[in-house]
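Before any comments, here is the structure.
The values are calculated or read from the model by the stated rules, or taken from the named source; none is laboratory data. Small disclaimer: the values here were computed from a predicted structure and weren't measured. No Cβ is skipped: glycine too gets one built from the backbone with ideal geometry, and neighbour counts run over all protein chains shown. Just so you know, the surface numbers come from the protein's heavy atoms only, side chains and all, with ligands and any DNA or RNA stripped out. Shrake-Rupley method; radii C 1.70, N 1.55, O 1.52, S 1.80 Å.
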Amino acid sequence: MQTTFLAQQFVPLMFCGLFALLLTGFPVAFGLAACGLAFGFIGIEAGIFPAALFQALPLRIFGIMQNDTLLAIPFFTFMGIILERSGMAEDLLETVGQVFGPVRGGVAIAVILVGALLAATTGVVAAAVISMGLISLPVMLRYGYNRTIATGAITASGTLAQAIPPSLVLIVLADQLGRSVGDMYSGALIPGLLLVGLYVLFIVAVAIVKPGWVPALPPEALLFKEDSGRSGHRSLLVLVLICAAVGFGWAQVHNGLMTKWLERSTASAGDEIVIMSMTLASLTGLALAIINHVTKLHLLSRLAEQVTFVLMPPLILIFLVLGTIFLGIATPTEGGAMGALGALILAIIKRRLTLPLTKQALENTAKLASFVLFILIGSTVFSFTFNAADGHIWVEHLFKDMPGGAWGFLIVVNILVFILGCFIDFFEIAFIVIPLLAPVAEKILPGLVPGMTTDQAMIWFGVMIAMNLQTSFLTPPFGFALFYLRSVAAKSDYKDRVTGKLIPSVKTTEIYKGSIAFICLQVIMLGMIMAFPALVTGGIQKTQSLSADEIMQQLDMPRNQAVEPPASATQSAPPSGTLAPVVDPLAPPQSDVKPAEDDPMKALLEAAERDKKKQP
C-alpha cells in the first residue's frame with residue numbers, strides 16, 4: 001500500500017522535497033543534485049526504478065561537458081567584463097549624454113541607449129545597472145531630474161541585458177529548448193529594439209507633459225564645444241546622414257551579393273541585412289573620423305569626432321559578432337571567441353588593458369562559468385530521476401486540460417516564470433523550470449498559429465520567457481535590478497562636487513516607484529509578442545524536416561516495394577483509396593530485388609535531398 005502511494009505521488013513529492021531543500025538556503029546546484037539522487041535511491045529501494053537506474057547518469061554529465069554551445073557563455077562574459085572594466089561605460093555615458101543633453105529628457109534617453117549598448121556587450125544585468133548607477137545617477141540628480149524617472153530609467157535599461165543579443169539568457173534558453181542560438185538571437189532582436197523604442201517614447205512623453213521632471217543640461221555642462229561656441233551637432237548630423245546613406249545603399253544590394261558569394265538558394269533574412277548594413281555604416285563613420293583626425297581637415301566637429309571614436313568601436317564589434325552568426329559564417333561559440341578577442345584589442349588600443357584588469361576578468365568569468373556548470377549538472381541529475389518517474393507526462397497532463405487551451409498554457413507559464421523570477425536567478429529558472437515546460441510547449445504551441453513550424457514556436461516561446469524574466473528583474477520588492485541600484489545609490493545626503501549643493505539621499509521607495517512605469521512598458525511588449533508572433537518569427541526561415549514517423553516510413557518503403565512487380569517502379573503511385581499489400585515486417589527481403597533498390601539508407605538520403613530542394 002505504501003509503495004503504491006509512493007509510486008502514484010512520486011513526482012509531487014519530488015517537487016515538495018526540492019522546495020523544502022531550497023528554503024533551507026542550501027545552494028541550488030547541490031540541492032538539485034541531492035534531491036535527484038535521494039529520490040532516485042528511494043525509488044530503487046521501493047522497486048519503482050530498476051537497480052541500474054544511475055548507470056546512464058555519467059554519460060549525461062559528460063554530455064554537458066562536451067556541449068560546445070555553452071562555451072559561448074564564458075566568451076561573451078569575458079568580452080563584457082573587459083569592455084566594462086576598461087572604462088567603456090563611462091565614455092559612452094559621457095559622450096551620448098553630451099549628444100542628447102541639450103534637449104529635455106536627453107540624459108535619460110542617453111541612459112536608455114547606453115543601457116541597450118551595454119546589454120549587447122556585457123550581457124549581465126548587474127554590471128549595466130551598477131555602472132549607470134554610479135555614473136549617471138549623480139548627474140541626473142545634480143541637474144534636477146525627477147528621482148522616480150531617474151532611478152526607473154537606470155534599472156529598466158540595465159535589464160535590457162536579458163533580451164538583447166548577444167544575451168547569456170538567450171544562449172541558455174536556446175540550449176535548454178534544443179534550438180539554434182542564432183535563431184534565438186534573430187527572434188529576440190526586433191522585440192528588444194522595440195522595447196528600447198518604447199522606453200525612449202516614454203521619456204519623450206514625460207518631457208512633453210512634465211518638462212520640469214526631465215530638464216535639459218545647462219550650457220556650461222556641455223564639454224565638446226567648438227571655438228566659435230557652437231555645439232557641433234550639425235556636423236554630427238551630416239556624418240550620421242552619410243553613414244545612413246551608406247547603410248541604406250548596402251541594404252539594397254546585400255541580398256544579391258550574398259546570394260552570389262555564399263552560393264545561397266534562399267533570400268537573406270531581414271535581421272541579417274540590418275546588422276550588415278549597420279556594420280558598414282559604422283565602419284564608414286569611423287573611417288571618415290580617422291581621416292579627418294589624421295589629416296586635420298577639421299571637417300568634423302569635436303563632438304562628432306568624440307562620438308565616433310567612442311561609440312563606433314563597440315558598435316562595430318557587436319555588429320561583427322552578430323553579423324557572422326546571422327550569416328552562418330561563425331557559430332555562437334566562435335562569435336563569442338571573436339568578441340572576446342575584439343574586446344582585448346579595443347582595451348589595448350585605449351591603453352587600459354592591465355594585468356590586474358585581465359586577472360579580475362578571468363576570475364569573474366571562471367566564477368560565472370563554474371556557477372552555470374554546477375547548476376546545469378545539478379538540474380541534469382534532478383531531471384534524470386524526474387523523467388525516470390514519468391514526470392514529463394505528469395507535467396503534460398497538468399497543463400493539457402487547462403482552461404483556454406494553448407493560450408491558457410502561455411498565460412499560466414508567464415505568470416509562473418514572473419513570480420519565480422522575483423525570487424531566484426534566471427539560470428535556476430532556465431535549468432529547472434524550462435526543461436519541464438519545453439516538452440509541453442513543443443506539443444501545444446505549433447498548432448496555435450497557422451503556418452508556424454515547431455522550431456518557430458519554440459523560438460517564440462523562448463523569447464517570451466526572456467522578456468518575462470526581464471520584467472521580473474524590476475518587480476518590487478524582490479527585483480534584482482532594484483537591489484543593484486540600491487547598493488550604489490546615495491544612502492545619505494551628500495554635497496555635489498560640481499555645484500556644491502546638498503543632494504538628498506535616494507530612498508528605496510523612490511527606486512521602487514521608478515520601476516512601475518517601465519514594468520508596464522515591458523508587460524505591453526510581452527503582450528505584443530504574444531499577440532503578434534511575427535515580431536519574433538518573421539526573421540526565422542521556415543525549414544521542413546522529416547519527422548520520426550516519416551523516417552520510419554522511408555526505411556520501410558523499399559521492403560514494401562519488394563513484393564511488387566519490378567515494372568511497378570516506373571509506374572505512377574496507386575490511388576489514395578488503394579490498399580497496399582500487407583507484408584510481415586520481420587520477413588526477409590526478396591532475393592530478386594537489387595541491393596541498391598533495397599537500401600533503406602539510400603531511400604532516406606534521397607528523400608532528405610528532395611526535401612531540401614523544396615525549401616524556399
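Working from label points 7 Å from Cα in the Cα-to-Cβ sense, the residue 387 to residue 64 distance is 1.3 nm. Rounded to the nearest 500, the helix-only mean residue ellipticity at 222 nm of the chain stands at -22500 deg cm²/dmol, with each DSSP H run of n ≥ 4 adding -39,500 (n - 2.57). One quarter of the surface of the convex hull around the alpha-carbon atoms of segment 346-426 equals 8.8 nm², the direction-averaged projected area.
Here the 3J(HN,Hα) profile of segment 522-534, calculated from phi with Karplus coefficients 6.51, -1.76 and 1.60 at θ = phi - 60°, is 5, 5, 4, 5, 5, x, 5, 5, 5, 6, 10, x, 5 Hz, Gly and Pro shown as x. In this structure, the amide hydrogen of residue 503, modeled 1.01 Å from its nitrogen in the peptide plane, lies closer than 5 angstrom to those of 494, 495, 496, counting only residues at least 5 positions away or on a different chain. Distance from the C-alpha centroid of segment 193-212 to that of segment 125-188: 17 Å, rounded to the whole angstrom. Placing unit charges on each Cβ (+1 for Lys and Arg, -1 for Asp and Glu) gives the chain a dipole about its Cα centre, and among 130, 360, 95 the Cα reaching farthest toward its positive end belongs to 95.
For segment 5-158, the solvent-accessible area with a 1.4 angstrom probe is 38 square angstrom per residue. Remark on the chain: hydrodynamic radius 27.4 angstrom, per the Kirkwood mean of 1/r across alpha carbon pairs. Heavy-atom surface analysis with a 1.4 Å probe gives segment 145-274 a carbon and sulfur content of 66 percent of its accessible area.
Treating r as the C-beta distance of residue 401 and residue 57 and R0 as 22 Å, the FRET efficiency rounds to 0.10. Can you tell me the orientation of helix 405-421 relative to the chain, as the angle in degrees between its alpha-carbon axis and the longest Cα principal axis, to the nearest 10? Roughly 50 degrees between the two axes. The dipole here belongs to segment 272-386: it is taken about the Cα centre, uses +1 on the Cβ of Lys and Arg and -1 on the Cβ of Asp and Glu, and is about 480 debye.
Note that segment 430-445 has calculated 3J(HN,Hα) couplings of 5, 8, 9, 7, 4, x, 6, 8, 4, x, 5, 4, 5, 8, 8, 6 Hz, one per residue in order, obtained from phi through the Karplus relation 6.51 cos²θ - 1.76 cosθ + 1.60 (θ = phi - 60°); glycine and proline are x. For segment 166-217, list log₁₀ I(q)/I(0) at each q in 0.19, 0.20, 0.27 Å⁻¹, using the Debye formula over Cα point scatterers of equal strength and ignoring solvent, two decimals each. Cα-only, vacuum Debye calculation for segment 166-217: -0.66, -0.69, -0.96. In the chain the longest region clear of GluC sites (Glu not before Pro) that are loop-assigned by DSSP and have at most 14 other C-beta atoms within 10 Å covers 264-596.
The translational diffusion coefficient of segment 1-69, from Stokes-Einstein at 4 °C and 1.567 mPa s with a Kirkwood hydrodynamic radius over alpha carbon pairs, comes to 96 µm²/s. For segment 269-338, the average shadow cast by the Cα convex hull is 5.1 nm², which is a quarter of the hull's surface.
Dipole magnitude for the chain: about 2720 debye, using +1 per Lys or Arg Cβ and -1 per Asp or Glu Cβ, origin at the Cα centre. Computed from the Cβ-Cβ distance with R0 of 25 Å, the FRET efficiency linking residue 262 to residue 193 stands at 0.45. Between residue 443 and residue 230, the simple spin-label model (points 7 angstrom out along Cα→Cβ) gives 6.8 nm. Mean projected area of the convex hull spanned by the Cα atoms of segment 11-147, taken over all viewing directions: 12.7 nm². On a per residue basis, the convex hull of the C-alpha atoms belonging to segment 357-486 measures out at 133 Å³. Applying a DSSP loop filter and a limit of 13 other Cβ atoms within 10 Å to the trypsin sites (Lys or Arg not before Pro) in segment 434-520 leaves 491, 497, 501. Pairs to check: 210/350; 210/501; 225/350; 210/507; 260/296; 350/513. Give those whose C-alpha atoms are more than 32 Å from each other in this structure. Correct reply: 210/350; 260/296; 350/513. Measure nothing fancy, just the Cα-based angle from helix 548-561's long axis to the longest principal axis of the chain, in degrees from 0 to 90, nearest 10. For helix 548-561, the angle is close to 30 degrees. 3J(HN,Hα) couplings calculated from phi for segment 471-481 with the Karplus curve 6.51 cos²θ - 1.76 cosθ + 1.60 (θ = phi - 60°) are, in sequence order, 5, 5, 5, 9, 6, x, x, 10, x, 4, 4 Hz; Gly and Pro show x.
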